[in-house]
Amino acid sequence: MPMNTEWLTRQLEQFNIPLAAAQGLSLLLFLVAITTFAAILTSIVRRTLLRAVIGWIEKKRYRWGEPLLRNQFFGRLIWFVPLAVFAVATDSMLERGTSSYLLANRLITAGFVVVAILSTSSLLTSLMEIDRLFRKTRRSILQGYVDAVKIVTYVLGTIFIISIFTGKSPWGILSILGGLTAVTMLVFKDSILGFVASIQLGASDLVRIGDWIEMPQYGADGDVISISIHTVKVQNFDKTISTIPTYALVSTSFKNWRGMKESKGRRIKRPLYIDLHSIRFCDEKLLTKLSRIEILKDYIKDKEQEISEHNTAHLDHERTVLNGRRQTNIGIFRAYITAYLKNNPNIELNMTFLVRQLPPTDHGLPIEIYVFSRDQIWANYEGIQADIFDHLLAAAPEFDLRVFQIPSGFDLRSLTSGLNSPKAS
């Protein structure tokens with residue numbers, strides 16, 4: 001035992017304490033003294049050096065400093081101070097080769113490894129956040145690499161700790177793990193698949209943080225908030241969180257709404273069903289009524305002139321309406337929808353613009369509106385769409401058209417009441 005503890009042991013022996021007990025007590029006092037000194041020194045470093053560094057970063061307002069502080073990178077580095085104190089004290093106070101020295105040395109070395117792992121993890125997380133702060137776009141493949149490096153760091157750290165306590169070379173432990181390749185692949189299968197998938201997602205720019213994606217098989221319909229090596233987190237519009245395996249975004253299909261956000265508009269695609277029994281040729285009374293509509297005035301005038309010139313060339317057009325050309329209320333209604341939408345400031349005219357008929361169904365004749373709203377914000381978009389169809393549903397009767405609706409209980413009761421009325425009898 002070195003002179004420092006020998007002196008303390010001799011002092012204790014003067015109080016008639018047995019040699020073994022005196023040696024144990026001197027070692028305990030040594031640990032208490034070193035621990036107290038390490039705690040005081042660590043506190044001094046925290047109150048001076050660490051505060052100085054934090055104050056300098058906050059004063060200069062460096063954007064890269066905030067992630068480092070938030071992830072406690074500097075705070076974790078401080079733990080090297082007490083470990084260094086214990087390492088110096090162990091070398092100077094304990095005799096080399098003794099069991100106490102070996103145990104203390106291994107514990108301190110393992111402590112250095114643990115602090116190094118935690119500091120590296122904190123630094124990697126900070127670098128990822130700094131990347132998000134400084135990059136101009138949301139595209140980033142750094143998350144996958146950071147997760148992969150973290151896994152490698154933890155695995156290597158665990159191997160080094162095992163090596164420290166077993167006394168075996170870390171390379172020997174690695175060679176043993178290399179021989180267990182099949183087991184290693186099975187254990188890290190998801191990590192390997194996720195790492196490859198995260199690289200593919202980043203390289204192909206399939207998904208970015210902030211993208212709105214739909215993946216019904218995983219219950220995901222919302223914004224991507226996190227992309228890691230194992231999972232992609234999606235915050236749904238009901239504020240729930242869905243997690244999707246990263247490799248699933250590569251192996252299966254999903255819908256990404258980023259293209260809509262980057263375009264000039266958001267699609268409105270909805271049909272209006274017209275009762276087939278309400279479709280007819282326009283008579284003079286209806287044409288006169290519809291000619292009073294400002295946005296249809298020129299259309300009806302030009303169309304009537306075109307039809308009149310055509311019918312003049314066919315002298316038998318007066319025998320029946322089918323021998324000549326006539327305007328229909330559904331045709332004028334389509335022209336009205338087109339003119340109404342073109343005069344709507346919320347519709348983007350430089351994108352696809354269609355007002356078309358679809359094949360008749362048992363619900364009537366679908367008149368589909370296929371246009372794009374200039375406002376992409378969900379609430380505003382729904383309001384614009386609702387305003388358009390509110391107006392068209394109310395306007396249809398002006399063209400002697402009925403919007404189809406399956407008979408309800410109210411309709412059936414009204415019919416029954418009509419049949420049972422005195423007039424009906």
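The values are calculated or read from the model by the stated rules, or taken from the named source; none is laboratory data. Given the structure is predicted, the values throughout are model-derived calculations rather than measurements. Here the Cβ positions follow ideal geometry from the backbone for every residue, glycine too, while neighbour counts run over all protein chains shown.
L392 meets all of the listed conditions (1) assigned to a strand (DSSP E or B); (2) over 24 Å from E262 (Cα atoms) but one, namely (1).
Consider region 376-425 and keep the residues that are surrounded by fewer than 10 Cβ atoms within 10 Å (Cβ to Cβ), more than 30 Å from F237 (Cα to Cα) and of a type in the set (A, V, I, L, M, F, W, C). The one that is modelled with the lowest pLDDT is A424. In region 40-54, the residues that are at pLDDT 80 or above form no Cβ pair under 7 Å with any partner that is among the aromatic types (F, W, Y) and surrounded by fewer than 13 Cβ atoms within 10 Å (Cβ to Cβ), whether six or more places apart or across chains. Here Q200 passes the criteria (1) in contact with a helix residue (DSSP H, G or I) (Cβ under 6 Å, 6 or more places away or on another chain); (2) more than 25 Å from A110 (Cβ to Cβ); (3) at pLDDT 80 or above; (4) in a helix (DSSP H, G or I) except the one numbered (3). Cβ-Cβ below 8 Å, separation at least six or inter-chain, first residue in region 70-99 and in the same structural domain as I117 (by TED's automatic domain parsing) and under 19 Å from I40 (Cβ atoms), second of a type in the set (A, V, I, L, M) and exposed (fewer than 15 other Cβ atoms within 10 Å of the Cβ): which pairs? So the pair list comes out as V81/L41; P82/A39; P82/L41; V85/L41. Scanning region 209-261 for residues that are among the β-branched types (V, I, T) and closer than 17 Å to L193 by Cα yields I227, I229, T231, V232, T243, I244, T246, V250, T252. Does S226 satisfy the criteria of being in a helix (DSSP H, G or I), hydroxyl-bearing (S, T, Y) and farther than 15 Å from D238 by Cα? When the stated conditions are applied, S226 does not pass them.
Out of all the residues in region 227-237, is one or more small (G, A, S), more than 30 Å from P407 (Cα to Cα), modelled with pLDDT under 85 and surrounded by 15 or more Cβ atoms within 10 Å (Cβ to Cβ)? Scanning region 227-237 turns up at least one residue that is small (G, A, S), more than 30 Å from P407 (Cα to Cα), modelled with pLDDT under 85 and surrounded by 15 or more Cβ atoms within 10 Å (Cβ to Cβ).
Of all the listed residues (I108, I117, I78, I130), the sole one being modelled with pLDDT of 75 or more and within 25 Å of the chain's Cα centre (by Cα) is I130. State yes or no: is S119 in contact with a Leu (Cβ under 6 Å, 6 or more places away or on another chain), touching a residue at least 24 places away in the same chain (Cβ under 8 Å), over 22 Å from T36 (Cα atoms) and of a type in the set (S, T, Y)? For S119, the condition - in contact with a Leu (Cβ under 6 Å, 6 or more places away or on another chain), touching a residue at least 24 places away in the same chain (Cβ under 8 Å), over 22 Å from T36 (Cα atoms) and of a type in the set (S, T, Y) - is met. Please indicate, with yes or no, whether at least one residue in region 348-366 is assigned to a helix (DSSP H, G or I) and surrounded by 16 or more Cβ atoms within 10 Å (Cβ to Cβ). Within region 348-366, not a single residue is assigned to a helix (DSSP H, G or I) and surrounded by 16 or more Cβ atoms within 10 Å (Cβ to Cβ).
Conditions (1) in contact with a Gly (Cβ under 9 Å, 6 or more places away or on another chain); (2) surrounded by fewer than 13 Cβ atoms within 10 Å (Cβ to Cβ); (3) among the polar types (S, T, N, Q), marked per residue:
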{"position": "T35", "(1), (2), (3)": "no, no, yes"}
{"position": "R47", "(1), (2), (3)": "no, yes, no"}
{"position": "K59", "(1), (2), (3)": "no, yes, no"}
{"position": "W64", "(1), (2), (3)": "no, no, no"}
{"position": "F73", "(1), (2), (3)": "no, no, no"}
{"position": "R76", "(1), (2), (3)": "no, no, no"}
{"position": "M93", "(1), (2), (3)": "no, no, no"}
{"position": "R96", "(1), (2), (3)": "no, yes, no"}
{"position": "S99", "(1), (2), (3)": "no, yes, yes"}
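Out of all the residues in region 308-329, is one or more closer than 25 Å to N346 by Cβ and under 50 Å from the mean Cα position of the chain (by Cα)? Checked region 308-329: no residue is closer than 25 Å to N346 by Cβ and under 50 Å from the mean Cα position of the chain (by Cα). Annotation: I295 fulfils all but one of (1) surrounded by fewer than 18 Cβ atoms within 10 Å (Cβ to Cβ); (2) aliphatic (A, V, I, L, M); (3) not assigned by TED's automatic domain parsing to the domain that holds R325; the unmet one is (3).
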